[in-house]
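Chemist: I'd like to ask some things about the structure below.
The values are calculated or read from the model by the stated rules, or taken from the named source; none is laboratory data. Small disclaimer: the values here were computed from a predicted structure and weren't measured. Please note: Cβ atoms are built from the backbone with ideal geometry, for glycine as well, and neighbour counts cover all protein chains shown. Surface accessibility is based on the protein's heavy atoms, side chains included, excluding ligands, DNA and RNA. Shrake-Rupley method; radii C 1.70, N 1.55, O 1.52, S 1.80 Å.
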Amino acid sequence: MPKKGLVIVESPTKAKTISKILGQDFAVVSSMGHIIDLPAKKLGVDIERDFEPEFVVIPGRQKILSALKKEAKDKEVIYIATDPDREGEAIGWQIKERIFKKKKVSRVVFHEITPSAVKDSFKKPHDFNLNMIEAQLGRRVLDRIVGYFLSPLLWKKIARGLSAGRVQSVTLRLIVDREKAIRKFSAQEYWEIEAELQKAASVQPEATVFLARLEKIEEKKAEIKNKEQAEKLVDDIKDKIFQVRDIKKSEKKRYPDAPFITSTLQQEAFNKLKFNATKTMIVAQQLYEGVDIKDETPVGLITYMRTDSSAVASEAIKEVRNSILKNFGKDYLPELPNVYKVKKLAQEAHEAIRPTLINRPAESLKGFLSPDQYKLYDLIYNRFFASQMTPARFQATSVDIQAGIYRFLAAGSVLIFDGFMAAYSKNAVPKEKNIIPDLEKDEIVGLVKLLPSQHFTKPPPRFSDSSLVKALEEEGIGRPSTYAPIISTLILRDYARRDKGYFNPTELGFKVCELLVEYFPKIMDLKFTAALEEELDEIEEGRFNKIKVLRDFYEPFKVSLDFAQANIKKEVIISSETCDKCGRPMIIKWGRKGKFLSCSGFPKCKNSKSITSGVKCPEPECGGELIERRSKRGFFYGCSNFPKCRYTSRSLPQEKEG
């Protein structure tokens, strides 16, 4: 029996899941992502004609286009079921315009791939959202203009093969500026004094010891700068009488966090699972697109993973509240559902990232998920479950203790009720912290011992995947779909490297950033980039005109571009080595495979050689040294004796000699 409808989605996995849900009446095919895009080897934007884009079929994708045409020939109706975001809308629109311009094509959108959600969406197909398409086209054109004109300047100044980007370059600036702050930082020594105290021995010989920290000396903040000062204070304090001045007790509540959005999922997956942003999104996409469960229709286990909205469907709220009541009891269920603030301009039609089946905890799916899928699904499931539970409650106690001219503060807490922490705790929160015994005002407490401790002020930490994504979100730079690709590009270009999970800008990254800041300060300005992001979002809301946004950006950009093109000159860095073929000085250059030495007499003398790291290759009897290299997968170290020795490593196996 011929199939009546054709459904087009992006990925084969998604196609497989939806095909099994829809059954025999529909043919479900994959476009394999983008089929149509701006041309790779030219600007592809007519600036003089209101920034009109020139879209072409991506090389190698013509066969997919032809296959889609063939599939559509005998179909009564065509549905575009690409992802429910700007990019998905644009992919579907371009397919419609290129192949099916004269046919009736309907758009269907669903935020979870479950039988009910998919079938419901096909009952109410609609037209494409033209504002959403305009917003995506505006972003694509803007990013092409920046990349197309800035990248050649980097080639002219530093080396071919480098790239710049509207969001990528500002992200690099965050990493570089943080590294500058770290290098400029000067650690300052300071000391703290804590007292181990207990109820007076005559009253309670085996009393619980609790800690109090020295806060003030003669009503001024205690500032202890060195060991000598700390020792003098300890000597003076040790014979003093410790007396309770004041006691404060209060109940503190700790509320659950909102269910995940893209940025918070990437942050928490790094903090708890050590997944980088790219890995998190790959695994999340697998969970969204569908998993085969024995004797059941394949189903997507989570809602769409690219979202900036914490909103949740009322049906899902009802389901999770019933489950909380059943599994934990009424004390864990708030009287009304918890509602979380939705950020400005969030796509409110989207939901937060949540499980599609609340009756499917991770444990019940263990045999059907890979280890990484299991870990991430468990994180998403528990976070959503906890988001609709009551707060945890702590009994907090604060005790002000006087010892002569010295004031100590003891603070402790005890968990009264675990609330949402029974399902999910963001951090390991101890049930008891510095337990303070029952004390009364004016009571004398016994000193067990004084504990002076040395500390140093710390520089700001380097960014991790988690903190970088958080910074991008807080600064308003990029959007949910861009965080992971931005980070991947910075690593791939060797502008930054991951060192024990933290980003360290390379010499090349510094050079690229400083050049762009010098010649394009506006593009590298965080506030300008954030304002531009908001304008692009406003296009989708129908409040801003795409052409005006592009023109307002391009006109001042062109002025900076003309100045840079006229003034940027190739940088020449002379090394201490001379050419062993002609005797001229060797200069440092950057190439596609990394940094190397080249004869300053080029092109007359084409001698070049690698720059070694000074670390011997660890392979037995090799004798080579490790050299910095770049490949399509990013930076690595390779042996200088390649191809005889094929040793590679992402990090040096030992410290540099000398």
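Chemist: Output the residue which, of all residues in region 597-621 that are open to solvent by less than 50 Å² (accessible area, probe 1.4 Å) and out of contact with any Phe, Trp or Tyr (no Cβ under 7 Å at 6 or more places or on another chain), is farthest from Glu577 (Cα to Cα).
Modeler: Per the criteria, the residue is Val615.
Chemist: Determine whether Gly60 is surrounded by 21 or more Cβ atoms within 10 Å (Cβ to Cβ) and either out of contact with any Cys (no Cβ under 6 Å at 6 or more places or on another chain) or part of a strand (DSSP E or B) (or both). Please lay out each step first, then the result.
Modeler: Values: surrounded by 21 or more Cβ atoms within 10 Å (Cβ to Cβ): no; either out of contact with any Cys (no Cβ under 6 Å at 6 or more places or on another chain) or part of a strand (DSSP E or B) (or both): yes.
When the stated conditions are applied, Gly60 does not pass them.
Chemist: Looking at (1) open to solvent by less than 50 Å² (accessible area, probe 1.4 Å); (2) touching a helix residue (DSSP H, G or I) at 6+ places or on another chain (Cβ under 8 Å), which one does Gly446 not meet, given that it meets all the others?
Modeler: (2)
Chemist: Select from region 312-334 the residues that are under 19 Å from Phe417 (Cα atoms), open to solvent by less than 40 Å² (accessible area, probe 1.4 Å) and of a type in the set (A, V, I, L, M, F, W, C) and list them in ascending order.
Modeler: Within region 312-334, Ile324, Leu333 qualify.
Chemist: Let me ask something additional. Take the residues of region 369-391 that are more than 22 Å from Val312 (Cα to Cα) and either free of Cβ contacts under 8 Å to residues at least 60 places away in the same chain or over 22 Å from the mean Cα position of the chain (by Cα) (or both): which is least open to solvent (accessible area, probe 1.4 Å)?
Modeler: Leu369
Chemist: Return the total of residues in region 515-574 being within 19 Å of Ala159 (Cβ to Cβ) and of a type in the set (Lys, Arg).
Modeler: The total comes to 2.
Chemist: Between Asp499, Asp525, which is modelled with pLDDT of 95 or more, charged (D, E, K, R), surrounded by fewer than 16 Cβ atoms within 10 Å (Cβ to Cβ) and under 19 Å from Ala181 (Cα atoms)?
Modeler: Asp525
Chemist: Now for a different question. Pull up region 453-481, narrow it to residues that are at pLDDT 95 or above and of a type in the set (Val, Ile, Thr), then point me to the one that is nearest to Lys227 (Cα to Cα).
Modeler: Filtering first and then ranking leaves Thr457.
Chemist: Quick test for you: out of Phe408, Phe456, pick the one residue that is touching a residue at least 12 places away in the same chain (Cβ under 8 Å) and either within 18 Å of Ala212 (Cβ to Cβ) or open to solvent by less than 40 Å² (accessible area, probe 1.4 Å) (or both).
Modeler: Going through Phe408, Phe456 in turn, the sole match is Phe408.
Chemist: So, one more: Mind checking which residues of region 1-31 are part of a loop (DSSP other than H, G, I, E, B) and surrounded by 16 or more Cβ atoms within 10 Å (Cβ to Cβ)? Don't jump to the end; show me each part of the working.
Modeler: Restricting attention to region 1-31, the residues satisfying the condition of being part of a loop (DSSP other than H, G, I, E, B) are 1-4, 10-11, 23-25, 31.
Passing the criteria: Lys3, Glu10, Ser11, Ser31.
Chemist: Taking region 336-368 as the search range and keeping residues that are more than 27 Å from Val109 (Cβ to Cβ) and assigned to a loop (DSSP other than H, G, I, E, B), which one is least open to solvent (accessible area, probe 1.4 Å)?
Modeler: The qualifying residue least open to solvent (accessible area, probe 1.4 Å) is Pro361.
Chemist: Another question, then. I need the full set of residues from region 1-41 which are among the charged types (D, E, K, R) and over 24 Å from Arg86 (Cα atoms), in order please.
Modeler: Lys3, Lys4, Lys20, Asp25, Lys41, listed by residue number.
Residues checked against (1) closer than 20 Å to Ser11 by Cβ; (2) open to solvent by 30 Å² or more (accessible area, probe 1.4 Å); (3) not in a loop (DSSP other than H, G, I, E, B):
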site	(1), (2), (3)
Gly33	yes, no, no
Lys42	no, yes, no
Glu48	no, yes, yes
Ile64	yes, yes, yes
Leu68	yes, no, yes
Asp74	no, yes, no
Ala90	yes, no, yes
Lys96	yes, yes, yes
